[in-house]
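Chemist: Take this structure, written in structure tokens, and hold onto it; I'll ask about it next.
The values are calculated or read from the model by the stated rules, or taken from the named source; none is laboratory data. Note that the coordinates shown come from a computational prediction; the quantities given were computed from them, not determined experimentally. Cβ placement follows ideal geometry from the backbone for every residue including glycine, while neighbour counts extend to all protein chains displayed.
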């Protein structure tokens, strides 16, 4: 069989031309040989010249023919070289097979691909190099080729001589053999990398489909503005029974009209340029027309060989509904908070007003009772007992008012604390001094923890004393006669210190323990002889928690109760330096004695309540070095201050006409009265009232009901400092 038809044709043409030239040359030789020398002599000169001319022509013709033969030979050599390049060194393997599948001829590439020498392949069956499990693929391909005569191809696994497998692509064409029998021309190509990549992609796609099909997030794919794929979650999202109901649906039919333009414009851009979008909110439609709020992310992909858009969706309809409901609820809450703030403000104003209204009559009750108690001549034994009852009831009523106001401040979140490292031994010593008289009166023995080193807690000193006094007072009130109260201190977890107050009273049942820390709940002690409001423990709990601590109790019926508080430990505060250190270390000084004077000094009291005026007037009357001026409104008081130049002014806050604050400002603005110290004496006793008064410039803020001792002490201080009081300092006394 010839290598190629073209090559065979050129070789035949060259052979035919060579034979023709050879015959012509032989004929010429025979013709010339017939001319004998004798015949040549008989030729005329003209005939001789003609014979020579023909010989030369024949010679030139032979030379040209030889040149043509050389040219044809060169072309034949070039054809053979091209044949070698195109066939033997082709990038794919070529094999010629017999009808039975025997290898008749092969190129170097096929031999290299199979790992066998070219000479060893001839007469060997091609199926010896095909993996057994794939041989049926080859037989079926060859059968279709021989039956139809049309070219066939397939991919199967083959093995080299050394057993190394590889994927091969076979392209088979039927050709006639050299002997006229059918033959097969086979083209082999190693497609291992491509096939493995394709298999990996198929496996990846299979896993991807499995993942997409199983995910709970709806996913759809659209191409040319039509749905071409939906996973089960998307089928459920759009309210379809099967995926077929959604496939081929125009994407615009599933998008709310408000979003048509945006969705379609984005699809065109992404189809052209690829990429993906961030998550955006859109509105879709179910098949029944119900709208859906969704978050979508679009990604440009290739699906079945075509550019498409994958849409990952997340249904946020319920979230949007809840968000709307939450927004509406927030509006309601804001409105409710505003109403609550107004109510709280009204409550605060009411409490402040009630405090003032209750303290004013209490000032007269307690003030005159104190006057009676300390008057000359002194009261009889019976009178003294009655006065003590009045004072005891009055001070208890004042304590109740203060507790209610404190609780209201705590509940409104307006109570301010002064947190600092506080010496616990010092506070316990103060509490012991304050509570000892009450314990002795009931025959209760007190035992307080002893400290061998300084201990500091982070707390408000005043409020810690308030809490401990409340716990100690309860432990004494509800103890048995001759019982004990023990105060212990122990380290607790988390750098805390536990202060425990243990009594030997009746104890509390589990039912009563569950009701502790409830406002106005005295746990069945309402009918007992011991006074109480039921808010002390509630307030103590709130105060301890505001200081970052904790309060609790353990109790055993018949054995007593232990109430404890835990506070955060603190490092010792740094010592002051310089002048501040000297002042801190200096011993407390007694109030300066009043300066001697020939004539009594004037004290002006501006007060609209006659009882309060009379009370202070009687207190001033006990001082021969003082005389009192009085005015029932601020304008009269200012006029008296200008005309009489008093040493000291006592000023009520709630006055008819203008308030005590306005009167103070007018006194400060007038050069004639600017130097006179002004003390506030008011029933407005809430902390913010005191702070406001001191900030306004009152030298001291005294609250009603007055305690005679404290009042007279403040009076002495003011009188002693009066000459230098233009730069006076403010402090409060309640």
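So that you can scan it fast, the table gives a plain yes or no per residue for (1) in a helix (DSSP H, G or I); (2) under 17 Å from residue 646 (Cα atoms):
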| position | (1), (2) |
| --- | --- |
| 681 | no, yes |
| 689 | yes, no |
| 702 | no, no |
| 718 | yes, yes |
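Chemist: Now for a separate question. If you go through the stretch 694-719 one residue at a time, how many are closer than 20 Å to residue 668 by Cα and surrounded by fewer than 21 Cβ atoms within 10 Å (Cβ to Cβ)?
Modeler: Total meeting the criteria: 4.
Chemist: A further question on this structure: Only strands (runs of 3 or more DSSP E) wholly contained in the stretch 413-479 count here; list those with 3 or more residues that are closer than 16 Å to residue 543 by Cα.
Modeler: Details: elements: 420-423, 445-448, 456-459.
In the stretch 413-479, the matching strands (runs of 3 or more DSSP E) lie at 456-459.
Chemist: If residue 666 passes every condition in (1) in contact with a helix residue (DSSP H, G or I) (Cβ under 8 Å, 6 or more places away or on another chain); (2) more than 29 Å from residue 374 (Cβ to Cβ); (3) not in a helix (DSSP H, G or I) but one, which one does it miss?
Modeler: Answer for residue 666: the failing condition is (3).
Chemist: Applying the selection to the stretch 219-252, what residues are closer than 22 Å to residue 271 by Cβ and part of a helix (DSSP H, G or I)?
Modeler: Correct list: 234, 251, 252.
Chemist: While we're here: Looking only at the stretch 206-218, decide whether some residue is in a strand (DSSP E or B), surrounded by 11 or more Cβ atoms within 10 Å (Cβ to Cβ) and at pLDDT below 85.
Modeler: no
Chemist: Being at pLDDT below 80 and in contact with a helix residue (DSSP H, G or I) (Cβ under 8 Å, 6 or more places away or on another chain) is the filter; apply it to the stretch 521-541 and report the residue that is farthest from residue 465 (Cα to Cα).
Modeler: Looking only at the stretch 521-541, we keep the residues that are at pLDDT below 80, and these are 521-536.
Now narrow it down to the ones that are in contact with a helix residue (DSSP H, G or I) (Cβ under 8 Å, 6 or more places away or on another chain): 523-524, 530-533, 535-536.
Values: 523: 24, 524: 27, 530: 22, 531: 20, 532: 18, 533: 19, 535: 16, 536: 13 Å.
For the stretch 521-541, the residue satisfying everything is 524.
Chemist: Just the residues that are touching a residue at least 12 places away in the same chain (Cβ under 8 Å) and not in a loop (DSSP other than H, G, I, E, B), please, taken from the stretch 551-560. Give the steps one after another, and end with the answer.
Modeler: Initial filter on the stretch 551-560 (touching a residue at least 12 places away in the same chain (Cβ under 8 Å)): 551-553, 555-560.
Of everything in the stretch 551-560, those that are touching a residue at least 12 places away in the same chain (Cβ under 8 Å) and not in a loop (DSSP other than H, G, I, E, B) turn out to be 551, 552, 553, 555, 556, 560.
Chemist: Is one or more of the residues making up the stretch 542-550 part of a strand (DSSP E or B), surrounded by fewer than 16 Cβ atoms within 10 Å (Cβ to Cβ) and either out of contact with any strand residue (DSSP E or B) (no Cβ under 7 Å at 6 or more places or on another chain) or modelled with pLDDT under 80 (or both)?
Modeler: no
Chemist: Please indicate, with yes or no, whether at least one residue in the stretch 332-355 is over 24 Å from residue 401 (Cα atoms) and at pLDDT below 80.
Modeler: The first filter runs over the stretch 332-355 and keeps only residues over 24 Å from residue 401 (Cα atoms), leaving 332-339.
Subsequent filtering for residues that are at pLDDT below 80 retains none.
Scanning the stretch 332-355, I find no residue that is over 24 Å from residue 401 (Cα atoms) and at pLDDT below 80, so the answer is no.
Chemist: The conditions are (1) touching a strand residue (DSSP E or B) at 6+ places or on another chain (Cβ under 7 Å); (2) modelled with pLDDT of 90 or more, and residue 182 fails exactly one of them. Which is it?
Modeler: The single condition residue 182 does not satisfy is (2).
Chemist: If you take just the helices (runs of 4 or more DSSP H) that sit entirely in the stretch 83-171, which of them hold at least 2 residues that are touching a residue at least 40 places away in the same chain (Cβ under 8 Å) and assigned by TED's automatic domain parsing to the domain that holds residue 192?
Modeler: Values: elements: 108-114, 118-121, 135-148.
In the stretch 83-171, 108-114, 135-148 are the helices (runs of 4 or more DSSP H) which contain 2 or more residues that are touching a residue at least 40 places away in the same chain (Cβ under 8 Å) and assigned by TED's automatic domain parsing to the domain that holds residue 192.
Chemist: For the subset of the stretch 642-672 comprising residues that are free of Cβ contacts under 8 Å to residues at least 40 places away in the same chain and buried (at least 20 other Cβ atoms within 10 Å of the Cβ), which member is nearest to residue 463 (Cα to Cα)?
Modeler: 664
Chemist: Please state which one of 311, 263, 280, 302 is farther than 22 Å from residue 238 by Cα and in the same structural domain as residue 236 (by TED's automatic domain parsing). Working first, answer last.
Modeler: Numbers: 311 fails: farther than 22 Å from residue 238 by Cα; 263 fails: farther than 22 Å from residue 238 by Cα; 280 fails: farther than 22 Å from residue 238 by Cα.
Result of the check over 311, 263, 280, 302: 302.
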